[in-house]
Number of protein chains: 2
Amino acid sequence: MTLYKAPLDDQRFALFDVLDAETVLTKLQGGDGHTRDLLDAVLEEAGKLSEQVLAPTNSPGDEEGCHYDKATRSVTTPKGFKEAFRQFSEGGWAGLTMAEAFGGQALPSVMGVATTEFFQSGNLSWSLYPLLSEGACHALEMHGTEDQQHTYLKPIVAGEWTGTMCLTEPQAGSDLGLLKTRAEPVGDGSYKITGTKIFISAGDHDLAENIIHLVLARLPDAPAGSRGISMFIVPKFKVKDGKPGERNNVYAGAIEHKMGIRGSATCVMNFDEAEGFLIGQPHKGLAAMFTMMNAARLSVGVQGLALSERAWQNSLNYARERLQSRSLSGPKFPDKPADNLLVQPDVRRMLLTQRALVEGSRMLLLYSALQTDIEARGADEATRQKASELLAFLIPIAKGVVTELAQECTKEALQVYGGHGFIVENGVEQFVRDARIITLYEGTTGIQAADLLGRKILQLKGVGLQHFLAEVGAFCKAHAQDEALRPYIGPLGALAKEWGELTMKLAQLIQTNPEELGAAANDYLYYSGYITLAYFWARAVAAAEKSSQQPAFKQAKRDTAAFFFARVLPRTHLHKAAIEAGVATLPAIA
Amino acid sequence: MTLYKAPLDDQRFALFDVLDAETVLTKLQGGDGHTRDLLDAVLEEAGKLSEQVLAPTNSPGDEEGCHYDKATRSVTTPKGFKEAFRQFSEGGWAGLTMAEAFGGQALPSVMGVATTEFFQSGNLSWSLYPLLSEGACHALEMHGTEDQQHTYLKPIVAGEWTGTMCLTEPQAGSDLGLLKTRAEPVGDGSYKITGTKIFISAGDHDLAENIIHLVLARLPDAPAGSRGISMFIVPKFKVKDGKPGERNNVYAGAIEHKMGIRGSATCVMNFDEAEGFLIGQPHKGLAAMFTMMNAARLSVGVQGLALSERAWQNSLNYARERLQSRSLSGPKFPDKPADNLLVQPDVRRMLLTQRALVEGSRMLLLYSALQTDIEARGADEATRQKASELLAFLIPIAKGVVTELAQECTKEALQVYGGHGFIVENGVEQFVRDARIITLYEGTTGIQAADLLGRKILQLKGVGLQHFLAEVGAFCKAHAQDEALRPYIGPLGALAKEWGELTMKLAQLIQTNPEELGAAANDYLYYSGYITLAYFWARAVAAAEKSSQQPAFKQAKRDTAAFFFARVLPRTHLHKAAIEAGVATLPAIA
């Protein structure tokens, strides 16, 4: 079993000391009541729910997995999941950030992200059920008719029903233009949906009385490719008078046997002339899906943070408790049979790597989430527009980089345990297995990299990067004389300059050969990610000066920033070299 | 299910074209018969055994796992393991490199390494049973009396019995000085062994009629710590007239539930006044164990290669077969619904990363294995001494770096599959899980790093590094005018020089503060590893010029070398920066 304590102090530091979230949020439209006191109370409650209800289900849920019953074609979740979902719903968490009109709490998106981190640390598999519902809520909120919102959205917000997103098919993964599921108009406003979807998280389960599937399919007159895809609402039980009625012809055909997140039901969903309703415009389904993508990808980035955080807590604890060997400079615990692992500089390297990446990721993710709130409720159009552009730019970094760093963090956490990390009962290996999905779903790292360089930099002419670099520049200028920041402002400023120049050069190169985009994208993603984290670590040092946190907490921030700049940030050299190597170093493979 | 084809071409290229193994081996004492024809035939047979017998048991063996029967305290291996072991034994593979006097084939060690690669690719879990036997054979060969060798060694060499190495205890992992298992002299030359060992691979199973445990324990008069440990032979069945007789009081108390290598029985072994016999000198058990360590660690390095090779084969195949999206520069397979993944430069980056690390590791490991043969049977003492020093230096790199690179390779292989990589039935996720043990057992990566910098560089005054650098220097000089090597000789020579200088500086720094050793060791290990691989990739380019392999094969070597130098080797910058950052960046953690 593994421990978990919601990192309230660090979230508060990131939100209030580094990002000044109270000032930002209370200035937004409708943000008067979003004071630190309120937000703090929400974080505390979320922390409790995760620690007390979710965290204990994580390891047993992995061991038990989900059950599929062939006779009824239905899925049962592991022990404790249903009760946890009941408490989650009753606590109002399902509608935390949804509008009051739909029964939600109308709290800022950043609070959704902050509390989701705790829930995902508690039990990632479990947290996928409400996460998919959240996606469906956003889709219904943005694209549903008033009637559709009344019928389908409100029960999901109330946590009575859940939702899914049915995109992938066996032949259509990253390339959704290849999908084949058909929608035939019946003539009464409904459609018959027929096809097979795979990898459908929360496709079937026993947590709620109805499941609302949002399904991508083709109308009979649809153009080929990605411009011929429409979105449909397909309920598990047809809704009559607001209640689940007749069973619809959509069934889970199987659940996948997976490396990790084994408590999450990943379903093959068979639609056999299932009754569905068009949501949004015909043939605009992919565009509609894309409008939800920022939130979904940000949430997966948070999954990386959540797994890394819990892994890091446990490896730190193990390093503190495990007695083995002596310090290189003589015994530090002479009355014990051996020193603990913390006396070993190389163990501290593994722990500080995790800490630097975890806490850095947290600042990046919460900052990105704040842009979501500003985008939605900023005081004026220019402010909203800028936040929107900044967010679009940051999303592939927040998803692509944080999920990849989670591979490293969970791996290092396990390594600290030595051979004991490989034993299932010690729990840390589950984090490694669970983490392996997050660089794959919601767009692989390769897709994120192509999105960053291809769309956010080239197509959108780097406007988001420009905003970000301007912010970094302003920060460097403001802290140029700040003693605590002396070691960081120089390197950060130089890297920001290099980033801009490298981007310009790369953009020109890609115009001469589009293949150069694919050759550079992955390394450009990482390169951007490390500089982004460097900026937030510099801000953490600045914030620590003024923070009311304990001295030891503040010193740890300074130590970790120093570690990050000295031992992690030089990775930018490697990625720059790889970017500059170009497509010539990636010749055809037969 | 995953495919596997023994990489005979690449092994031949590494052995005969790059390393000129035939010339080296036939010049050794007793090496007359070790011609390329013979060695080739051995490789081919090993490849067949792996492809046809072992590889098909890999995935089912993982799914089934081992079975522990509480009533009899005995372990049953997965279906097919026993039959595979029978074929392995009958083929004479158990004694491939053992002396003829013990019933072995007396083939060079490098052939043991080369064939073990195939077996480990076929089924790593299965291959641990013979691997542990091999360790026991070496121990008995080096430290056993003639009588002990006759009684215990011969049946293991024949593949009738197997062996184990019982070192770890719950409180004694990396620090064996903490072990508590006791050995009480009975007075008749035997001892009563009492204690609990954990993580004992092949501790119990149904493959052979007897198991010979080599157990570290303390005699009553033993000094505390690592200088008070002796080694004992403890057979599962006491041996009478060369046959297994009465059951000894050593039993498997449980098997571990592990992240991977689930077909390998990892046992808790309980010794309760079990009958044992001292092997080697009293209190010299740890030193005796260390004499076997080179071979054991090299084999674990080969496990990294073996897993990476099979993962790479499968991800290449998947990238070739999977149709998804179009090339950035327009359709390449216009008659198909989409292009395959190979048209994407970023996919080729993932594949070439694997190829560069896999084939580079193979050259390093086979080169290291050749040193084992020269150390044992070189023409004169100076030659043997030099090979021994070179080998000692290379072992932590071969184990530490290759196993860490296997984490990266298997991860990239899975990533190529996208979401399908996470599904158990597709098989690639098993490689990731199996690979996770190899950076932990036979000394964690941290232990390898400390061995390289602390023992092989500092204590032994870098004599192995000096040999290696001299070889690199001679190679650079010999190929200074070689057109094909023009892009590589410069960077390689510069890095070799930097390596030497950095080592000197570091050695001086550590003398002022021993903690600097721990702060630098891990990055020094990787730094050394990448330069070592660069040397072998340069040799591969040189060898390709003269090789009789197909032109496409040779071009792939040149392409992969170019990729390695441009996109992997710059990692040395990062590690150099981390080394130079020193222990100041790794402050105490409370």
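The values are calculated or read from the model by the stated rules, or taken from the named source; none is laboratory data. What you see is a predicted model, and the numbers here were worked out from it, not measured in a lab. Glycine gets a Cβ as well: all are built from the backbone with ideal geometry, and neighbour counts include every protein chain shown.
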Task: Tally of residues being hydrophobic (A, V, I, L, M, F, W, C), away from chain B (no Cβ under 14 Å) and either surrounded by fewer than 19 Cβ atoms within 10 Å (Cβ to Cβ) or more than 14 Å from A:L465 (Cβ to Cβ) (or both) across the stretch A:495-524 - done: 2
Task: Check on A:A588, outside the structural domain of A:Q354 (by TED's automatic domain parsing), part of a helix (DSSP H, G or I) and of a type in the set (A, V, I, L, M) - done: no
- [ ] Name the single residue, out of those in the stretch B:557-590 being more than 8 Å from every other protein chain (Cβ to nearest Cβ) and over 28 Å from B:G518 (Cα atoms), that is farthest from the chain's Cα centre (by Cα).
- [x] B:R558
Open item on the list: Going residue by residue through the stretch B:489-497, is there one that turns out to be touching a Ser or Thr at 6+ places or on another chain (Cβ under 8 Å) and in the same structural domain as B:I579 (by TED's automatic domain parsing)?
Closed with: yes
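Results for (1) within 19 Å of B:V302 (Cα to Cα); (2) within 12 Å of the chain's Cα centre (by Cα); (3) at pLDDT 95 or above, shown as yes or no for each residue.
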| position | (1), (2), (3) |
| --- | --- |
| B:V110 | yes, no, yes |
| B:E117 | yes, yes, yes |
| B:N123 | yes, no, yes |
| B:S127 | yes, yes, yes |
| B:L131 | yes, yes, yes |
| B:L140 | no, no, yes |
| B:H143 | no, no, yes |
| B:H150 | no, no, yes |
| B:T162 | no, no, yes |
Task: Residue among B:G443, B:G421, B:G400 that is out of contact with any strand residue (DSSP E or B) (no Cβ under 9 Å at 6 or more places or on another chain) and without any contact (Cβ under 8 Å) to a residue 24 or more places away in the chain - done: B:G421
- [ ] Test A:L323 against the stated conditions and say whether it is within 15 Å of the chain's Cα centre (by Cα) and over 30 Å from A:L216 (Cβ atoms).
- [x] no
Open item on the list: Given the criterion surrounded by fewer than 19 Cβ atoms within 10 Å (Cβ to Cβ), modelled with pLDDT of 95 or more and outside the structural domain of B:N123 (by TED's automatic domain parsing), identify the matching residue among B:V424, B:V401.
Closed with: B:V424
Open item on the list: Whether any residue in the stretch A:260-270 is outside any strand (DSSP E or B), at pLDDT below 95 and within 24 Å of A:I438 (Cα to Cα) is what I want to check.
Closed with: no
- [ ] Name, by its number, the condition in (1) more than 30 Å from A:R558 (Cβ to Cβ); (2) among the small types (G, A, S); (3) assigned to a helix (DSSP H, G or I) that does not hold for B:S548.
- [x] (3)
Open item on the list: I'd like the residue in the stretch A:552-573 that is under 22 Å from A:Y524 (Cα atoms) and without any contact (Cβ under 8 Å) to a residue 24 or more places away in the chain and, out of all such residues, is surrounded by the fewest Cβ atoms within 10 Å (Cβ to Cβ).
Closed with: A:H573
Task: Selection within the stretch A:159-182 - farther than 21 Å from A:K238 by Cα and acidic (D, E) - done: A:E169, A:D175
Open item on the list: What are the pairs with Cβ atoms under 7 angstrom where one residue, in the stretch A:463-488, is part of a helix (DSSP H, G or I) and the other, located anywhere, is of a type in the set (K, R) and modelled with pLDDT of 95 or more? Sequence gap at least six, or different chains.
Closed with: A:G464/A:K456; A:H467/A:K386; A:F475/A:R539
TODO: Sort through A:Y441, A:Y527 and tell me the only one that's in contact with a His (Cβ under 7 Å, 6 or more places away or on another chain), buried (at least 20 other Cβ atoms within 10 Å of the Cβ) and under 30 Å from A:L131 (Cβ atoms).
DONE: A:Y527
TODO: Output the residues belonging to the stretch A:270-298 that are surrounded by 17 or more Cβ atoms within 10 Å (Cβ to Cβ), farther than 22 Å from A:G443 by Cβ and of a type in the set (D, E, K, R).
DONE: A:E275
- [ ] Report yes if some residue within the stretch A:81-93 is within 30 Å of A:A543 (Cβ to Cβ) and in contact (Cβ under 8 Å) with a residue 40 or more places away in the chain; otherwise report no.
- [x] yes
Task: the stretch B:238-280, subset free of Cβ contacts under 8 Å to residues at least 24 places away in the same chain and either closer than 20 Å to A:Y417 by Cα or of a type in the set (D, E) (or both), residue farthest from the other protein chains (Cβ to nearest Cβ) - done: B:D241
Task: Selection count, the stretch B:373-423, where residues are more than 26 Å from B:L533 (Cβ to Cβ), within 10 Å of chain A (Cβ to nearest Cβ) and not small (G, A, S) - done: 3
Open item on the list: Tell me the residue from A:K197, A:K192, A:K154 that is under 21 Å from A:D241 (Cβ atoms) and among the charged types (D, E, K, R), please.
Closed with: A:K154
Task: Scan of the stretch A:346-372 for residues that are polar (S, T, N, Q) and either within 14 Å of chain B (Cβ to nearest Cβ) or surrounded by fewer than 24 Cβ atoms within 10 Å (Cβ to Cβ) (or both), ordered by number - done: A:T353, A:Q354, A:T372
TODO: Filter the helices (runs of 4 or more DSSP H) completely within the stretch A:80-187 down to those with at least 2 residues that are of a type in the set (S, T, Y) and crowded, with 22+ Cβ neighbours inside 10 Å.
DONE: A:109-122, A:124-143
Task: Which listed residue, of A:A480, A:A474, A:A507, A:A435, is touching a Lys or Arg at 6+ places or on another chain (Cβ under 9 Å), assigned by TED's automatic domain parsing to the domain that holds A:Y530 and among the aliphatic types (A, V, I, L, M) - done: A:A507
- [ ] Among the candidates B:I437, B:I457, single out the residue that is more than 11 Å from chain A (Cβ to nearest Cβ) and closer than 19 Å to B:K399 by Cα.
- [x] B:I457
TODO: State whether one or more residues within the stretch A:456-478 are under 30 Å from B:L342 (Cα atoms) and either of a type in the set (S, T, Y) or crowded, with 21+ Cβ neighbours inside 10 Å (or both).
DONE: yes
